Amino acid sequence: MHFSLEKNVVPWEEAHLEDFQQKVLEPSHQQPVVVDFWADWCAPCHAIAPHLERAMTEMADRARLVKVEVDEGENMKLAGHYRLRGFPTIMLFVDGDERARFAGSRPSHWIRDWLEAHL
């Protein structure tokens, strides 16, 4: 689990192909899970990270954040399974299913509005 040095920033967890079921799909039956599919080489992925964390901090009582680095291990198979076309792709899972997604970098207020619309 990772924590930011900023005050009140929501912790996020990493998931991989082998534990995606346990860290994303199963917990999404109790609380919505936002998944950030990102890559280290991807500038927009790094650009969205503080905005996503800020929005998730504000929504921490309603959803949790999990990050998947697509180039680690077998994680690209998840990207293929969910037919991701670019990175970052942010997906919302509720009750084990995808409820919504968007791709590319967005400001925190846009992410917050997106979450409000789909929660």
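Of the residues making up region 70-117, just one is surrounded by 13 or more Cβ atoms within 10 Å (Cβ to Cβ), closer than 18 Å to ALA60 by Cα and acidic (Asp, Glu), namely ASP113. Kindly provide the set of residues from region 77-102 that are more than 18 Å from GLN22 (Cα to Cα), among the hydrophobic types (A, V, I, L, M, F, W, C) and either out of contact with any Lys or Arg (no Cβ under 7 Å at 6 or more places or on another chain) or modelled with pLDDT under 95 (or both), ordered by number. Those that are more than 18 Å from GLN22 (Cα to Cα), among the hydrophobic types (A, V, I, L, M, F, W, C) and either out of contact with any Lys or Arg (no Cβ under 7 Å at 6 or more places or on another chain) or modelled with pLDDT under 95 (or both): LEU84, PHE87, ALA100, PHE102.
Residues that are touching a His at 6+ places or on another chain (Cβ under 8 Å) and crowded, with 20+ Cβ neighbours inside 10 Å are absent from region 40-54. Restricting attention to region 81-119, the residues being under 22 Å from ALA39 (Cα atoms), acidic (Asp, Glu) and touching a residue at least 24 places away in the same chain (Cβ under 8 Å) number 0. Here are some conditions: (1) within 19 Å of PRO32 (Cβ to Cβ); (2) among the hydrophobic types (A, V, I, L, M, F, W, C); (3) not in a loop (DSSP other than H, G, I, E, B). CYS45 meets all but one. Which one does it not meet? Checking CYS45 against (1) within 19 Å of PRO32 (Cβ to Cβ); (2) among the hydrophobic types (A, V, I, L, M, F, W, C); (3) not in a loop (DSSP other than H, G, I, E, B), the one that fails is (1).
Residues in region 42-56 include none that are among the charged types (D, E, K, R), closer than 21 Å to ASP113 by Cα and at pLDDT 95 or above. Just one of (1) assigned to a helix (DSSP H, G or I); (2) free of Cβ contacts under 8 Å to residues at least 60 places away in the same chain fails for LEU78. It is (2). Restricting attention to region 1-34, the residues being assigned to a loop (DSSP other than H, G, I, E, B), among the polar types (S, T, N, Q) and at pLDDT 95 or above number 2.
The values are calculated or read from the model by the stated rules, or taken from the named source; none is laboratory data. Just so it is clear, the structure is predicted and the values come from calculations on it, not from any experiment. Glycine also receives a Cβ, built like all others from the backbone with ideal geometry; neighbour counts cover every protein chain displayed.
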